[in-house]
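Working notes for the structure below.
What follows is calculated from the coordinates using simple rules that are stated; it is not laboratory data. Note that the structure is a prediction, hence the values are computed from the model and not measured. All Cβ positions, glycine included, derive from the backbone under ideal geometry; neighbour counts span all protein chains shown.
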Amino acid sequence: MNIIGPDTLVFGVEDTSACEQFLLDYGLSAVGGGRFEAMDGTGVQVCSADDQSLPAALPTGSMLRKTIYGVADQATLDALKVELGRDREVTVLDDGSLQVADDLGFVLGFQVTIRKTISASMEKINAPGTSVQRSINEIGVVNGAQPKPRSLSHAVYFVPDAEKAEAFFRDRLGFVTTDRFTKVGPFMRPAGSTDHHTVFFIQTPPHMQGCEHFTFHMGGPTEVMQAGSNLESKGYESFWGPGRHIFGSNWFWYFKSPFGCNMEYDADMDLHDDTWQAREAMPGADNSQAFLLQYREKWAPMGPPPKP
């Protein structure tokens with residue numbers, strides 16, 4: 001199945017104003033109708049919790065109502081309809097997309113991807129012993145920059161049965177496990193993407209089922225730091241980071257959000273193909289990040305450092 005990755009996350013929330021303001025402050029662009037997008041057109045749809053057009057909420061009350069995946073073409077969409085229709089109801093919506101529930105009750109959508117080409121330069125790094133990336137007199141950082149998210153990266157789910165979730169995504173949707181935390185769950189990528197993961201399942205008790213966090217790719221670690229600092233300055237609470245993960249190698253910075261889950265910035269994720277051999281490690285601080293930094297407000301070394 002040539003699934004590319006998540007195109008849209010659909011939420012049903014009580015406080016639409018707070019959620020919409022958070023997404024604007026995070027850096028997404030409002031395009032109307034409660035939709036907020038990154039540079040490539042992927043994004044988040046904010047709906048009122050009582051919107052009758054939404055799929056029913058999980059029994060846990062998770063605000064995430066639907067994950068819509070983009071696929072490469074109509075042929076993939078048709079193949080998914082046949083495959084999933086063997087043992088469950090598949091609804092064809094008015095826009096031609098598919099809607100179906102997975103084996104754990106999460107509602108999934110599938111559509112020919114809306115992703116568009118990004119026309120923005122990448123973050124460049126100059127290092128002794130290598131050819132010049134950032135040319136002479138081209139500066140590497142702009143004070144006060146407002147970096148924009150580039151693409152919806154991945155979502156992480158609390159699930160009561162990580163093995164069952166993995167089996168469905170592997171056997172029915174063609175996802176591949178790239179790495180795994182022992183007794184926790186797998187990182188997985190779809191066939192149409194080389195990203196280390198677009199989904200990660202975390203084993204939890206049934207009453208916790210729902211979205212743990214979701215994230216968008218940024219243009220590099222500097223953009224993660226700048227975007228996170230901008231969000232901090234607006235009064236939002238940092239949850240974890242900044243730092244750099246080991247599985248996936250992506251830079252990260254997580255913030256608490258009004259969506260009932262965390263929202264992350266990430267950058268510079270590993271890419272893998274089918275020759276990659278999945279690793280496994282015990283969960284814990286030593287295996288979840290290579291290093292972790294502590295955010296402080298700006299200061300100049302002209303007096304005593306700020307108190308921790």
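Observations
- Tilt relative to the chain, helix 162-171 - C-alpha long axis, 0 to 90 degrees, to 10: 70
- Karplus (6.51, -1.76, 1.60) ³J(HN,Hα), θ = phi - 60°, over region 13-24, in Hz, Gly and Pro reported as x: 10, 7, 10, 5, 4, 5, 5, 5, 5, 4, 5, 5
- Amide H contacts of GLN133 (H built 1.01 Å from N, in plane; Pro and chain starts excluded): ALA127 sit under 5 Å, all sequence-distant by 5 or more or on other chains.
- Proximal charge balance of LEU152 [Cβ under 12 Å; K/R count +1, D/E count -1]: -4
- Candidate aspartates and glutamates for bridging to LYS124, where Cα separation is under 16 Å - those fewer than 8 sequence places away on the same chain excluded: GLU138, GLU223, ASP268
- For region 80-96, Karplus couplings with θ = phi - 60° (6.51, -1.76, 1.60), whole Hz, Gly/Pro x: 5, 4, 5, 4, 6, x, 5, 9, 7, 6, 10, 9, 9, 7, 4, 8, x
- Estimated translational diffusion coefficient (Stokes-Einstein, Kirkwood radius over Cα pairs, 37 °C, 0.692 mPa s) of region 174-231: 242 µm² per second.
- Nearest-20 debye value, the chain charge dipole, Cβ charges on Lys, Arg, Asp, Glu: 700
- As computed over region 109-169, the Cα convex hull volume per residue (Å³): 231
- Based on DSSP H segments of at least four residues, each scored -39500 (n - 2.57), the chain has a per-residue ellipticity at 222 nm of -4500 deg cm²/dmol.
- For region 230-236, the Karplus equation 6.51 cos²θ - 1.76 cosθ + 1.60, evaluated at θ = phi - 60°, returns couplings of 4, 5, 4, 5, 8, x, 7 Hz by residue, with Gly and Pro reported as x.
- Among [x] 30.5, 101; [y] 21.3, 74; [z] 19.8, 69, the entry derived from the coordinates for Rg and Dmax of the Cα atoms in Å: [z]
- Furthest towards positive pole of dipole, GLY85, PHE291, VAL46, structure part the chain, Cβ charges: PHE291
- For LYS116, the lysines whose Cα falls under 18 Å of its own Cα, not counting residues fewer than eight places away in the same chain, are LYS148.
- For region 22-153, share of DSSP beta bridges that run antiparallel, in % to the nearest 5: 70
- Counting only GluC sites (Glu not before Pro) that DSSP places in a loop and that have at most 14 other Cβ atoms within 10 Å, the longest clean stretch of the chain runs over 139-236.
- Alpha-carbon spread of region 157-200, three principal axes, descending order, Å: 27, 20, 14
- Proximal charge balance of ALA18 [Cβ under 14 Å; K/R count +1, D/E count -1]: -3
- Set LYS66/LYS164; LYS66/LYS234; LYS234/LYS298 screened for pairs whose C-alpha atoms are more than 26 Å apart: LYS66/LYS234
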